[in-house]
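Just so it is clear, none of the values below were taken in a lab; they were calculated from the coordinates. None of these values were measured; they are calculated from a predicted model. FYI the Cβ positions are ideal-geometry reconstructions off the backbone, even for glycines, and counts take in every protein chain you see.
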Amino acid sequence: MPRLDRTGLDARIACARLDRVAWAVLGVTVLALITGFLIKDHCTGAPFDDLGRSAGFAATPGRICYSDIQYLWVGRDIDKHVFPYIHGWIDGQGHLQGGAIEYPVLSGLLYWVGAIGAHNDQQYLWHMALVLAPFALITGWVLAKVSGRAAFLWALAPPLALYAFHNVELPVVAAATGAIAIMEWTRRRGVPPRYPALAAAALLAIGFDLKIYPGIFVAPLALYVLTYGNRGRRAGDSRFDVRGAVSVVGVAAVVAILPNLPFILFGYDGWNASLKFQELRTADLSTNSIWYWGVQHAFASAASYDRFVATASPVAIIVAFVVLPALGWFRYRRTGVYPWIGVSGAMLSAFMLLHKVHSPQYILWLLPFFVLLHVDRRVIGAYLLCDLSLELTVWNYFQEHADHSPVLWWVQWGVWIGVWGRAALLAVFLVYLPSRQVRVPAGSLSSADGAGDPPRTPDDPPRTSGAPSSTPPCGSSSGAEYGPGNVARTRSSSGR
């Protein structure tokens, strides 16, 4: 059979295989979402009070069925169907009033949309589940198309069932994952990174307006474009693609600002109230942070502790956000490609580790990186076990603490293992994730693409051909992980 025909056949087989995997991942994701809804719905139900709050809600802090969605039904004027931010403010006691909500504007709008037609917190949870579920399906589908069977981790790992309907995390995860997918799909087809990066930057900016964290990925994405991505600098190129990098930052800035403008112009007090609320929030017991568990007891007063964390946490995050892209740059000098996905994961890990709030559902932010990168299964398993340890004990801890009751030994140890186990692994991720190869579905690389070649260094002679295949397989890569020329490539789909 002619080589071109064989390549085309391989492409069709690879596409069909990825389609089957994607549909299977979708099916498992649906089961996880149903399970997650049933977990959270257990805390709702008649009788309801005058505000539409379930009578049993007061008992929920000690049970994993607690959700921020149900909690926020009352206290943010969501139950009154007040449009968010426009008429809001924050009072002298730090309480949000008049429709102000503590999240960025797109998340606030989703909370408002979910409340349409709801008259109690049970209906509200159901509506929000309908709003959020499609984003979990989108994420599962995208991960399957990019990383193949590894995407089952998204659907099968406990976090999706435990946290899918805890807060509004699924849309932001979908936005961040979609941005990475755009870059991967186009890279594997030999497309220069500048223009796909503009679309990815726009998605990251939308994610910023949902839950902030995707905005930090713009910096490593810009550095990836600056260094010409996986294609490498070619004859006639300037040393760096400065225009491309600046365009990425510019698009991200414009898209991030646009949804905020109406609220800034017509409801500044309500818009600013969300920022003020986060500024005033302290690293207390409910935050699950290393600051509370690690340094609180070293201070004589709560006020001095709050002042310390208010300074130390943002300073530590800023330092990490400077150091981690620099470490990525050193890897670029060694391999020829800036590891923007790994650096993004490391920056997210730093944010989760050092921020004064580490809510349990934040693991959903990190989970796609376990799929997209070749992360050791033992490391993934350890992190999931630590998270599960915290989730299964922290609600009992909150209840016992509120009741001034002695904390049971297994509850205390479960919380300690969860908090410090996660923290230790997040610290490891700071240097570990940037070194990980991007996961490519098994069988998706043709021999023409360089699959099976050993890793290369900048001192190796150039290859005779680095051009993409004329009929690239579904999910294939014209340059594997590190592109053509005097730069490294992946050795195989396993990344070893």
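Fewest Cβ neighbours within 10 Å first, please rank Asp241, Asp376 accordingly. Walk me through the intermediate numbers first.
Details: Asp241 23, Asp376 11.
Going from least to most buried by this count: Asp376, Asp241.
Between the range 152-231 and the range 79-100, what is the C-alpha centre distance in whole Å?
Answer, in whole Å: 31.
What percent of all Cα-Cα pairs in the range 3-435 falls into each 20 Å bin, going from 0 up to the bin containing the maximum distance?
With a bin width of 20 Å, the distribution comes to 24, 58, 17, 1.
Taking a spot 7 Å from the Cα of Val246 along the direction of its beta carbon, which residues of the range 164-208 have an amide N less than 19 Å from it?
Residues passing the 19 Å test: 193-199, 201-202.
Rank these for me by crowding, Phe217, Phe263, Phe240, going from fewest to most other beta carbons within 10 Å.
Ordered by Cβ neighbours within 10 Å, fewest first: Phe240, Phe263, Phe217.
If I take every Cα pair under 8 Å that is 6 or more residues apart in the range 3-435, average their sequence separation and divide by the length, what percent do I get for the relative contact order? Before the final figure, lay out each step's value.
On the way: 674 pairs, mean separation 75.5, N = 433.
Rounded, it is 17 percent for the range 3-435.
Over the Cα atoms of the range 240-343, Rg to Rh with Kirkwood Rh, two decimal places?
Radius of gyration relative to Kirkwood radius: 1.10.
As an exercise, identify the chymotrypsin sites (Phe, Trp or Tyr not before Pro) in the range 280-332 lying in DSSP coil whose Cβ has no more than 12 other Cβ atoms within 10 Å.
Sites meeting the loop and neighbour criteria: none at all.
Mind checking the full-extension length gain between Asp91 and Arg333? Use 0.36 nm per residue of separation minus the Cα-Cα distance, one decimal, nm.
82.0 nm
Once you place label points 7 Å from the Cα toward the Cβ at Leu38 and Arg20, how far apart are they in nm?
Reported label-point gap for Leu38 and Arg20 is 2.9 nm.
Separation between the Val407 and Asn260 pseudo-spin-labels, each 7 Å from Cα along Cα→Cβ, expressed in nm?
Taking the simple label geometry, Val407 and Asn260 are separated by 3.6 nm.
Evaluate the relative contact order of the range 189-331 (contact order divided by residue number), counting alpha-carbon pairs under 8 angstrom at least 6 apart; express in whole percent.
After rounding, I find 20 percent.
Just subtract the alpha-carbon distance of Ile116 and Arg378 from 0.36 nm times their residue separation and send over the number in nm, one decimal.
Details: separation 262, 0.36 × 262 = 94.32 nm, distance 4.39 nm.
Stretched out fully, the Ile116 to Arg378 stretch lengthens by 89.9 nm.
Taking a cut-off of 26 Å between Cα atoms, list the lysines near Lys276, but don't count ones fewer than 8 places away on the same chain.
Excluding near neighbours in sequence, the set is Lys80, Lys211, Lys356.
Collect residues whose amide H, placed 1.01 Å from N in the peptide plane, falls under 5 Å from the amide H of Leu373; neighbours closer than 5 in sequence don't count.
Answer set, sorted by chain and number: Arg439.
What trypsin sites (Lys or Arg not before Pro) does the range 48-123 have in DSSP loop regions with at most 15 other beta carbons within 10 Å?
Arg63, Lys80
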